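Peer 1: Supplied in C-alpha coordinates, the structure appears directly below.
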Amino acid sequence: MPDLNPNVSTDVHGIEKFEAGVLELFQQEKFAEIERIANEARSTKARFPGGFWKIHLVYTGLFAPLKGTKVNASVWPEYLARVQRWISQYPNSITARVTLAWFYNFYGWNARGGGFANTVTDEGWRLLAERAAMGRKVLEEAQSLPTKCPEWFLVMMSFARAEDWDEGQKKALFEQAVAFDPDYYYYYRTQAESLLPKWGGEKGDVAAFAGAMADRIGGPKGDFLYYSIATFIVCACDNEDHLNGMSWPRLKRGFDAADELFGKSIYQSNKMAFLAYMANDLEYAIPLFAQIGENWDVETWREHDDFLDAKRRANASIVLRYYAEATENAKKPEGQAFTLALSAALTNNYHEKLMDCMKTTTEVDRRDVGVLLQLAKDGSVQQVILAPYDAPIACFRPQLEKAVFPTPPSANYWAVVTMSAKK
(Lines give C-alpha, C1' and ligand atoms only; values in the text may rest on other atoms or scores of the structure.)
Protein backbone atom coordinates (compact mmCIF):
# COMPACT_ATOMS: atom_id res chain seq x y z
CA MET A 1 0.00 0.00 0.00
CA PRO A 2 1.27 3.53 -0.75
CA ASP A 3 2.54 5.40 2.31
CA LEU A 4 0.73 8.74 2.05
CA ASN A 5 1.10 9.70 5.72
CA PRO A 6 4.84 9.37 6.44
CA ASN A 7 6.51 10.85 9.51
CA VAL A 8 8.44 13.69 7.89
CA SER A 9 9.56 14.93 11.32
CA THR A 10 11.92 12.03 11.94
CA ASP A 11 11.97 9.85 8.81
CA VAL A 12 14.53 11.16 6.33
CA HIS A 13 12.77 9.11 3.65
CA GLY A 14 9.34 10.48 4.57
CA ILE A 15 8.96 12.87 1.63
CA GLU A 16 10.35 10.23 -0.71
CA LYS A 17 7.74 7.76 0.57
CA PHE A 18 4.92 10.23 0.00
CA GLU A 19 6.12 10.97 -3.54
CA ALA A 20 6.48 7.25 -4.25
CA GLY A 21 2.97 6.68 -2.93
CA VAL A 22 1.52 9.30 -5.28
CA LEU A 23 3.46 7.85 -8.21
CA GLU A 24 2.18 4.37 -7.39
CA LEU A 25 -1.41 5.66 -7.53
CA PHE A 26 -0.64 7.24 -10.91
CA GLN A 27 0.89 4.06 -12.29
CA GLN A 28 -2.15 2.11 -11.11
CA GLU A 29 -4.34 4.79 -12.71
CA LYS A 30 -6.18 5.46 -9.47
CA PHE A 31 -6.99 8.95 -10.65
CA ALA A 32 -9.90 9.45 -8.25
CA GLU A 33 -7.56 9.01 -5.28
CA ILE A 34 -5.00 11.43 -6.74
CA GLU A 35 -7.79 13.95 -7.31
CA ARG A 36 -8.90 13.61 -3.70
CA ILE A 37 -5.37 14.00 -2.27
CA ALA A 38 -4.49 16.94 -4.52
CA ASN A 39 -7.76 18.81 -4.00
CA GLU A 40 -7.53 18.44 -0.25
CA ALA A 41 -3.86 19.51 -0.17
CA ARG A 42 -4.58 22.51 -2.40
CA SER A 43 -7.73 23.73 -0.63
CA THR A 44 -6.27 23.38 2.88
CA LYS A 45 -2.78 24.60 1.92
CA ALA A 46 -1.47 21.60 3.85
CA ARG A 47 2.20 21.40 4.73
CA PHE A 48 4.38 18.70 6.15
CA PRO A 49 6.62 19.46 9.17
CA GLY A 50 9.42 21.72 8.03
CA GLY A 51 7.07 23.73 5.80
CA PHE A 52 7.00 21.50 2.70
CA TRP A 53 3.81 22.09 0.70
CA LYS A 54 1.87 18.87 0.20
CA ILE A 55 0.44 19.95 -3.18
CA HIS A 56 3.94 20.57 -4.54
CA LEU A 57 5.04 17.12 -3.39
CA VAL A 58 2.03 15.60 -5.16
CA TYR A 59 3.44 16.95 -8.41
CA THR A 60 7.07 16.02 -7.67
CA GLY A 61 5.82 12.49 -7.05
CA LEU A 62 3.87 12.46 -10.30
CA PHE A 63 6.73 13.69 -12.49
CA ALA A 64 9.49 11.71 -10.72
CA PRO A 65 9.99 9.33 -13.72
CA LEU A 66 10.61 12.33 -15.99
CA LYS A 67 13.47 13.95 -14.09
CA GLY A 68 17.05 13.74 -15.30
CA THR A 69 18.69 13.65 -18.70
CA LYS A 70 18.83 9.86 -19.04
CA VAL A 71 15.13 9.00 -19.07
CA ASN A 72 14.39 5.84 -21.04
CA ALA A 73 12.78 6.77 -24.37
CA SER A 74 9.84 4.43 -23.75
CA VAL A 75 8.79 6.44 -20.68
CA TRP A 76 7.57 9.46 -22.64
CA PRO A 77 4.77 7.93 -24.77
CA GLU A 78 3.62 5.69 -21.90
CA TYR A 79 3.45 8.62 -19.50
CA LEU A 80 1.67 10.88 -21.98
CA ALA A 81 -0.97 8.22 -22.73
CA ARG A 82 -1.64 7.76 -19.02
CA VAL A 83 -2.09 11.49 -18.42
CA GLN A 84 -4.43 11.71 -21.40
CA ARG A 85 -6.55 8.89 -19.96
CA TRP A 86 -6.66 10.83 -16.69
CA ILE A 87 -7.85 13.97 -18.48
CA SER A 88 -10.47 12.05 -20.42
CA GLN A 89 -11.92 10.79 -17.11
CA TYR A 90 -11.59 14.16 -15.34
CA PRO A 91 -11.80 16.87 -18.03
CA ASN A 92 -12.07 19.64 -15.41
CA SER A 93 -9.07 18.48 -13.41
CA ILE A 94 -6.50 21.22 -12.86
CA THR A 95 -4.15 18.61 -11.35
CA ALA A 96 -4.15 16.51 -14.52
CA ARG A 97 -3.58 19.57 -16.74
CA VAL A 98 -0.68 20.87 -14.66
CA THR A 99 0.81 17.36 -14.68
CA LEU A 100 0.55 17.34 -18.47
CA ALA A 101 2.27 20.73 -18.61
CA TRP A 102 5.07 19.42 -16.40
CA PHE A 103 5.38 16.48 -18.80
CA TYR A 104 6.01 18.81 -21.75
CA ASN A 105 8.45 20.83 -19.65
CA PHE A 106 10.63 17.83 -18.83
CA TYR A 107 10.21 16.40 -22.33
CA GLY A 108 11.57 19.62 -23.76
CA TRP A 109 14.52 19.90 -21.39
CA ASN A 110 15.32 16.25 -22.03
CA ALA A 111 15.72 17.05 -25.72
CA ARG A 112 17.87 20.07 -24.95
CA GLY A 113 20.17 18.17 -22.58
CA GLY A 114 21.82 19.40 -19.42
CA GLY A 115 24.93 21.00 -20.92
CA PHE A 116 25.87 24.63 -21.45
CA ALA A 117 24.08 26.52 -24.23
CA ASN A 118 26.98 26.17 -26.66
CA THR A 119 26.72 22.36 -26.45
CA VAL A 120 23.03 22.19 -27.44
CA THR A 121 22.25 21.04 -30.97
CA ASP A 122 19.86 22.88 -33.30
CA GLU A 123 17.49 19.95 -32.98
CA GLY A 124 17.69 20.19 -29.19
CA TRP A 125 16.73 23.87 -29.28
CA ARG A 126 13.91 23.17 -31.74
CA LEU A 127 12.38 20.42 -29.61
CA LEU A 128 12.70 22.46 -26.42
CA ALA A 129 10.82 25.37 -28.02
CA GLU A 130 8.21 23.10 -29.61
CA ARG A 131 7.47 21.20 -26.38
CA ALA A 132 7.50 24.34 -24.24
CA ALA A 133 4.91 25.86 -26.59
CA MET A 134 2.74 22.75 -26.25
CA GLY A 135 2.97 22.88 -22.47
CA ARG A 136 2.21 26.58 -22.36
CA LYS A 137 -0.89 25.94 -24.50
CA VAL A 138 -2.06 23.36 -21.95
CA LEU A 139 -1.69 25.91 -19.15
CA GLU A 140 -3.43 28.66 -21.09
CA GLU A 141 -6.39 26.37 -21.73
CA ALA A 142 -6.43 25.35 -18.06
CA GLN A 143 -7.01 28.97 -17.03
CA SER A 144 -10.72 28.49 -17.80
CA LEU A 145 -11.05 25.61 -15.31
CA PRO A 146 -12.97 26.34 -12.09
CA THR A 147 -10.09 25.32 -9.77
CA LYS A 148 -6.84 27.27 -9.70
CA CYS A 149 -3.52 25.79 -8.61
CA PRO A 150 -0.35 27.49 -7.31
CA GLU A 151 1.76 25.02 -9.29
CA TRP A 152 0.32 26.47 -12.53
CA PHE A 153 2.57 29.51 -12.13
CA LEU A 154 5.61 27.43 -11.24
CA VAL A 155 5.55 25.39 -14.44
CA MET A 156 4.79 28.54 -16.45
CA MET A 157 7.94 30.10 -14.98
CA SER A 158 9.89 27.14 -16.32
CA PHE A 159 8.40 27.70 -19.78
CA ALA A 160 9.38 31.37 -19.54
CA ARG A 161 12.99 30.27 -19.14
CA ALA A 162 12.74 27.68 -21.91
CA GLU A 163 11.25 30.23 -24.33
CA ASP A 164 13.67 32.95 -23.20
CA TRP A 165 11.03 35.53 -22.33
CA ASP A 166 12.36 39.05 -21.85
CA GLU A 167 13.07 40.16 -18.31
CA GLY A 168 9.97 42.33 -18.11
CA GLN A 169 7.70 39.41 -18.99
CA LYS A 170 9.43 37.11 -16.52
CA LYS A 171 9.15 39.67 -13.74
CA ALA A 172 5.46 40.25 -14.51
CA LEU A 173 4.79 36.51 -14.34
CA PHE A 174 6.65 36.25 -11.04
CA GLU A 175 4.61 39.10 -9.55
CA GLN A 176 1.38 37.42 -10.71
CA ALA A 177 2.52 34.22 -9.03
CA VAL A 178 3.29 35.79 -5.65
CA ALA A 179 0.06 37.78 -5.81
CA PHE A 180 -1.77 34.46 -6.22
CA ASP A 181 -0.04 32.99 -3.15
CA PRO A 182 2.78 34.93 -1.48
CA ASP A 183 3.61 31.96 0.77
CA TYR A 184 4.32 29.49 -2.02
CA TYR A 185 8.06 29.73 -1.62
CA TYR A 186 8.86 27.68 -4.73
CA TYR A 187 8.16 30.79 -6.84
CA TYR A 188 10.89 32.72 -5.06
CA ARG A 189 13.37 29.86 -5.31
CA THR A 190 12.82 29.52 -9.06
CA GLN A 191 13.19 33.27 -9.52
CA ALA A 192 16.35 33.30 -7.39
CA GLU A 193 17.86 30.49 -9.45
CA SER A 194 17.40 32.58 -12.60
CA LEU A 195 19.59 35.26 -10.99
CA LEU A 196 22.60 32.99 -10.59
CA PRO A 197 25.64 33.84 -12.76
CA LYS A 198 25.17 30.62 -14.77
CA TRP A 199 21.80 32.01 -15.95
CA GLY A 200 23.13 35.51 -16.66
CA GLY A 201 22.87 37.09 -13.21
CA GLU A 202 25.58 38.94 -11.33
CA LYS A 203 27.28 38.01 -8.10
CA GLY A 204 25.17 39.26 -5.21
CA ASP A 205 21.89 39.27 -7.15
CA VAL A 206 20.49 36.23 -5.35
CA ALA A 207 21.28 37.57 -1.88
CA ALA A 208 19.78 40.96 -2.72
CA PHE A 209 16.64 39.35 -4.13
CA ALA A 210 16.21 37.03 -1.15
CA GLY A 211 16.63 39.90 1.29
CA ALA A 212 14.15 42.12 -0.55
CA MET A 213 11.50 39.38 -0.77
CA ALA A 214 11.96 38.39 2.87
CA ASP A 215 11.63 42.01 3.94
CA ARG A 216 8.50 42.37 1.83
CA ILE A 217 6.84 39.53 3.75
CA GLY A 218 8.45 40.34 7.09
CA GLY A 219 8.58 38.54 10.43
CA PRO A 220 9.19 34.81 10.86
CA LYS A 221 7.52 34.08 7.50
CA GLY A 222 10.02 36.38 5.79
CA ASP A 223 12.94 34.76 7.56
CA PHE A 224 11.64 31.32 6.60
CA LEU A 225 11.41 32.44 2.97
CA TYR A 226 15.01 33.70 3.07
CA TYR A 227 16.14 30.35 4.48
CA SER A 228 14.07 28.40 1.91
CA ILE A 229 15.76 30.24 -0.95
CA ALA A 230 19.18 29.42 0.54
CA THR A 231 18.43 25.70 0.89
CA PHE A 232 17.67 25.63 -2.83
CA ILE A 233 20.51 27.84 -4.08
CA VAL A 234 23.31 26.70 -1.76
CA CYS A 235 23.76 23.08 -2.75
CA ALA A 236 26.44 20.42 -2.89
CA CYS A 237 25.98 20.18 -6.66
CA ASP A 238 27.86 23.19 -8.00
CA ASN A 239 28.11 25.88 -5.34
CA GLU A 240 31.54 27.48 -5.17
CA ASP A 241 30.55 30.65 -3.35
CA HIS A 242 29.58 29.07 -0.02
CA LEU A 243 26.40 30.97 0.98
CA ASN A 244 26.20 33.00 -2.26
CA GLY A 245 26.48 36.15 -0.19
CA MET A 246 23.46 35.37 1.99
CA SER A 247 23.39 36.42 5.64
CA TRP A 248 24.28 33.63 8.06
CA PRO A 249 22.51 35.27 11.06
CA ARG A 250 19.32 35.60 9.02
CA LEU A 251 19.57 32.00 7.85
CA LYS A 252 19.71 30.92 11.50
CA ARG A 253 16.58 32.96 12.17
CA GLY A 254 14.92 31.33 9.18
CA PHE A 255 15.72 27.84 10.42
CA ASP A 256 14.26 28.69 13.82
CA ALA A 257 11.20 30.09 12.05
CA ALA A 258 10.72 26.78 10.20
CA ASP A 259 10.50 25.00 13.56
CA GLU A 260 8.24 27.67 15.02
CA LEU A 261 5.81 27.83 12.10
CA PHE A 262 5.70 24.24 10.90
CA GLY A 263 7.40 21.92 13.40
CA LYS A 264 10.74 20.17 13.36
CA SER A 265 11.85 18.11 10.37
CA ILE A 266 14.85 15.85 9.88
CA TYR A 267 15.08 17.27 6.36
CA GLN A 268 15.53 20.80 7.67
CA SER A 269 18.13 19.58 10.18
CA ASN A 270 20.10 18.15 7.24
CA LYS A 271 19.77 21.33 5.22
CA MET A 272 20.76 23.56 8.11
CA ALA A 273 23.76 21.39 8.99
CA PHE A 274 24.91 21.77 5.40
CA LEU A 275 24.43 25.55 5.49
CA ALA A 276 26.35 25.73 8.78
CA TYR A 277 29.13 23.69 7.19
CA MET A 278 29.23 26.04 4.20
CA ALA A 279 29.25 29.04 6.57
CA ASN A 280 32.12 27.41 8.48
CA ASP A 281 30.12 27.68 11.72
CA LEU A 282 31.07 24.17 12.73
CA GLU A 283 30.12 24.61 16.38
CA TYR A 284 26.55 25.43 15.30
CA ALA A 285 26.54 22.34 13.07
CA ILE A 286 27.55 19.85 15.79
CA PRO A 287 24.16 19.50 17.57
CA LEU A 288 22.48 19.28 14.17
CA PHE A 289 24.73 16.39 13.20
CA ALA A 290 23.85 14.77 16.54
CA GLN A 291 20.13 15.11 15.70
CA ILE A 292 20.69 13.67 12.23
CA GLY A 293 22.67 10.65 13.35
CA GLU A 294 22.76 8.41 10.28
CA ASN A 295 19.54 9.91 8.85
CA TRP A 296 21.44 11.84 6.20
CA ASP A 297 19.55 13.26 3.23
CA VAL A 298 20.94 12.35 -0.18
CA GLU A 299 19.40 15.43 -1.85
CA THR A 300 21.30 17.66 0.59
CA TRP A 301 24.65 15.88 0.78
CA ARG A 302 24.74 13.93 -2.53
CA GLU A 303 27.22 11.35 -1.20
CA HIS A 304 27.48 9.61 2.18
CA ASP A 305 31.24 10.24 2.27
CA ASP A 306 30.59 13.98 1.88
CA PHE A 307 28.19 13.87 4.82
CA LEU A 308 30.70 11.96 6.94
CA ASP A 309 33.55 14.31 6.02
CA ALA A 310 31.50 17.34 7.06
CA LYS A 311 30.50 15.66 10.31
CA ARG A 312 34.08 14.67 11.12
CA ARG A 313 35.38 18.14 10.38
CA ALA A 314 32.77 19.72 12.64
CA ASN A 315 33.53 17.34 15.47
CA ALA A 316 37.28 17.78 15.04
CA SER A 317 36.98 21.55 15.27
CA ILE A 318 35.18 21.46 18.59
CA VAL A 319 37.56 18.84 19.97
CA LEU A 320 40.50 21.10 19.18
CA ARG A 321 38.80 23.97 21.01
CA TYR A 322 38.11 21.84 24.09
CA TYR A 323 41.64 20.44 24.00
CA ALA A 324 43.07 23.96 23.88
CA GLU A 325 40.94 24.92 26.90
CA ALA A 326 42.06 21.81 28.81
CA THR A 327 45.71 22.55 28.00
CA GLU A 328 45.38 26.11 29.31
CA ASN A 329 43.69 24.82 32.47
CA ALA A 330 46.57 22.41 33.08
CA LYS A 331 49.11 25.26 33.04
CA LYS A 332 47.61 26.93 36.11
CA PRO A 333 48.86 25.87 39.57
CA GLU A 334 45.46 24.50 40.62
CA GLY A 335 45.18 22.82 37.23
CA GLN A 336 48.51 21.08 37.61
CA ALA A 337 47.49 19.63 40.96
CA PHE A 338 44.09 18.57 39.62
CA THR A 339 45.58 16.89 36.55
CA LEU A 340 47.81 14.76 38.79
CA ALA A 341 44.82 13.75 40.93
CA LEU A 342 42.68 12.97 37.87
CA SER A 343 45.48 10.96 36.26
CA ALA A 344 45.88 8.89 39.41
CA ALA A 345 42.12 8.25 39.62
CA LEU A 346 41.97 7.13 36.00
CA THR A 347 45.02 4.87 36.36
CA ASN A 348 43.86 3.27 39.64
CA ASN A 349 40.22 2.75 38.70
CA TYR A 350 40.08 2.51 34.93
CA HIS A 351 43.38 1.17 33.57
CA GLU A 352 42.25 -2.45 33.63
CA LYS A 353 38.93 -1.49 32.05
CA LEU A 354 40.83 0.27 29.28
CA MET A 355 42.98 -2.81 28.73
CA ASP A 356 39.87 -4.98 28.42
CA CYS A 357 38.40 -2.53 25.93
CA MET A 358 41.59 -2.52 23.87
CA LYS A 359 40.93 -6.21 23.17
CA THR A 360 37.71 -5.22 21.38
CA THR A 361 39.62 -3.04 18.90
CA THR A 362 41.19 -5.39 16.40
CA GLU A 363 44.66 -4.94 14.95
CA VAL A 364 45.49 -1.91 17.11
CA ASP A 365 48.72 -1.79 19.07
CA ARG A 366 48.58 1.58 20.81
CA ARG A 367 50.89 2.79 23.56
CA ASP A 368 48.41 5.30 24.99
CA VAL A 369 44.93 6.83 24.69
CA GLY A 370 44.10 10.48 25.18
CA VAL A 371 41.14 11.17 27.49
CA LEU A 372 39.50 14.60 27.27
CA LEU A 373 36.88 15.16 29.98
CA GLN A 374 34.44 17.90 30.87
CA LEU A 375 33.58 17.70 34.57
CA ALA A 376 30.77 19.20 36.58
CA LYS A 377 31.38 21.02 39.84
CA ASP A 378 30.96 17.77 41.82
CA GLY A 379 33.39 15.81 39.60
CA SER A 380 30.71 13.97 37.63
CA VAL A 381 31.39 13.57 33.92
CA GLN A 382 29.57 15.78 31.42
CA GLN A 383 31.42 14.88 28.22
CA VAL A 384 34.00 12.26 27.22
CA ILE A 385 36.19 12.50 24.12
CA LEU A 386 38.80 9.85 23.33
CA ALA A 387 41.67 10.07 20.87
CA PRO A 388 42.88 8.96 18.42
CA TYR A 389 40.25 7.62 15.99
CA ASP A 390 41.17 3.97 16.68
CA ALA A 391 40.72 4.23 20.46
CA PRO A 392 38.09 1.80 21.85
CA ILE A 393 35.45 4.54 22.06
CA ALA A 394 32.32 2.38 22.00
CA CYS A 395 33.62 0.22 24.86
CA PHE A 396 35.47 2.67 27.10
CA ARG A 397 33.48 5.90 26.86
CA PRO A 398 30.27 4.55 28.50
CA GLN A 399 32.29 3.48 31.54
CA LEU A 400 33.81 6.93 31.98
CA GLU A 401 30.46 8.66 31.48
CA LYS A 402 29.23 7.06 34.73
CA ALA A 403 32.33 8.01 36.73
CA VAL A 404 32.79 10.61 39.47
CA PHE A 405 36.31 12.05 39.78
CA PRO A 406 38.02 14.46 42.20
CA THR A 407 36.38 17.87 42.46
CA PRO A 408 37.74 20.14 39.69
CA PRO A 409 38.82 23.77 40.22
CA SER A 410 35.57 25.03 38.61
CA ALA A 411 32.33 23.87 37.02
CA ASN A 412 32.26 22.77 33.38
CA TYR A 413 35.98 22.13 33.66
CA TRP A 414 37.94 20.64 30.76
CA ALA A 415 40.89 18.38 31.56
CA VAL A 416 43.07 16.12 29.44
CA VAL A 417 45.01 13.04 30.57
CA THR A 418 47.03 10.48 28.66
CA MET A 419 46.37 6.90 29.80
CA SER A 420 48.81 4.07 29.15
CA ALA A 421 47.33 1.35 26.96
CA LYS A 422 50.03 -1.16 27.92
CA LYS A 423 50.21 -3.68 30.75
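Peer 1: Please state which one of E29, E35 is on the phi > 0 side of the Ramachandran plot and either charged (D, E, K, R) or touching a Gly at 6+ places or on another chain (Cβ under 7 Å) (or both).
Peer 2: On the way: E35 fails: on the phi > 0 side of the Ramachandran plot.
Within the list E29, E35, the selection yields E29.
Peer 1: Moving on to the next point. Report, by residue number, each residue of segment 85-113 that is surrounded by fewer than 22 Cβ atoms within 10 Å (Cβ to Cβ), modelled with pLDDT under 95 and part of a helix (DSSP H, G or I).
Peer 2: Matches in segment 85-113: A111 only.
Peer 1: Determine, yes or no, whether K148 is in a loop (DSSP other than H, G, I, E, B), in the same structural domain as Y90 (by TED's automatic domain parsing), among the charged types (D, E, K, R) and surrounded by fewer than 19 Cβ atoms within 10 Å (Cβ to Cβ). Show your work before the answer.
Peer 2: Values: in a loop (DSSP other than H, G, I, E, B): yes; in the same structural domain as Y90 (by TED's automatic domain parsing): yes; among the charged types (D, E, K, R): yes; surrounded by fewer than 19 Cβ atoms within 10 Å (Cβ to Cβ): yes.
It is true that K148 is in a loop (DSSP other than H, G, I, E, B), in the same structural domain as Y90 (by TED's automatic domain parsing), among the charged types (D, E, K, R) and surrounded by fewer than 19 Cβ atoms within 10 Å (Cβ to Cβ).
Peer 1: Then there's this: Return the total of residues in segment 1-31 being of a type in the set (A, V, I, L, M, F, W, C) and either within 18 Å of T231 (Cα to Cα) or free of Cβ contacts under 8 Å to residues at least 40 places away in the same chain (or both). Break it down stepwise before answering.
Peer 2: In the first step, residues of segment 1-31 are kept if they are of a type in the set (A, V, I, L, M, F, W, C); the result is 1, 4, 8, 12, 15, 18, 20, 22-23, 25-26, 31.
If we keep only those that are either within 18 Å of T231 (Cα to Cα) or free of Cβ contacts under 8 Å to residues at least 40 places away in the same chain (or both) too, we end up with 1, 4, 8, 12, 15, 25.
Final tally of qualifying residues: 6.
Peer 1: Considering only residues of segment 367-390 that are at pLDDT below 90 and either more than 39 Å from the chain's Cα centre (by Cα) or of a type in the set (D, E) (or both), which is nearest to R312 (Cα to Cα)?
Peer 2: Only one residue fits best here, namely D390.
Peer 1: Have a look at E35, E24, E29, E40 and point out the one that is at pLDDT 95 or above and part of a loop (DSSP other than H, G, I, E, B). Lay out the reasoning, then the answer.
Peer 2: Working: E35 fails: part of a loop (DSSP other than H, G, I, E, B); E24 fails: part of a loop (DSSP other than H, G, I, E, B); E40 fails: part of a loop (DSSP other than H, G, I, E, B).
Only one candidate passes the filter, namely E29.
Peer 1: Residue check, W165 against (1) under 24 Å from the mean Cα position of the chain (by Cα); (2) of a type in the set (A, V, I, L, M, F, W, C); (3) surrounded by fewer than 19 Cβ atoms within 10 Å (Cβ to Cβ), all met but one. Which one?
Peer 2: (1)
Peer 1: Across segment 151-202, what is the total count of residues that are in contact with a strand residue (DSSP E or B) (Cβ under 9 Å, 6 or more places away or on another chain) and not acidic (D, E)?
Peer 2: Summing the residues that are in contact with a strand residue (DSSP E or B) (Cβ under 9 Å, 6 or more places away or on another chain) and not acidic (D, E) in segment 151-202 gives 3.
Peer 1: For residues that are crowded, with 17+ Cβ neighbours inside 10 Å and under 15 Å from the mean Cα position of the chain (by Cα), scanning just segment 280-296, find the one that is farthest from R321 (Cα to Cα).
Peer 2: W296
Peer 1: Given (1) in a loop (DSSP other than H, G, I, E, B); (2) over 17 Å from G51 (Cβ atoms); (3) touching a residue at least 12 places away in the same chain (Cβ under 8 Å), identify the lone condition not met by A285.
Peer 2: Every condition holds for A285 apart from (1).
Peer 1: Within 28 Å of F232 (Cα to Cα) and within 24 Å of the chain's Cα centre (by Cα): is that true of V8 in this structure? Talk me through it step by step, then tell me what you get.
Peer 2: On the way: within 28 Å of F232 (Cα to Cα): yes; within 24 Å of the chain's Cα centre (by Cα): yes.
So V8 passes the test.
Peer 1: Could you figure out which of (1) modelled with pLDDT of 95 or more; (2) in contact with a helix residue (DSSP H, G or I) (Cβ under 7 Å, 6 or more places away or on another chain); (3) surrounded by fewer than 14 Cβ atoms within 10 Å (Cβ to Cβ); (4) hydroxyl-bearing (S, T, Y) isn't true of T69?
Peer 2: T69 satisfies all of (1) modelled with pLDDT of 95 or more; (2) in contact with a helix residue (DSSP H, G or I) (Cβ under 7 Å, 6 or more places away or on another chain); (3) surrounded by fewer than 14 Cβ atoms within 10 Å (Cβ to Cβ); (4) hydroxyl-bearing (S, T, Y) except (1).
Peer 1: Checking M157 against (1) within 26 Å of G114 (Cβ to Cβ); (2) surrounded by fewer than 16 Cβ atoms within 10 Å (Cβ to Cβ); (3) at pLDDT 95 or above, which test does it fail?
Peer 2: All conditions pass for M157, except number (2).
The values are calculated or read from the model by the stated rules, or taken from the named source; none is laboratory data. Keep in mind that what you see is a predicted model, and the values were worked out from it rather than measured. Cβ: placed from backbone, ideal geometry, glycine included. Neighbour counts: every protein chain shown.
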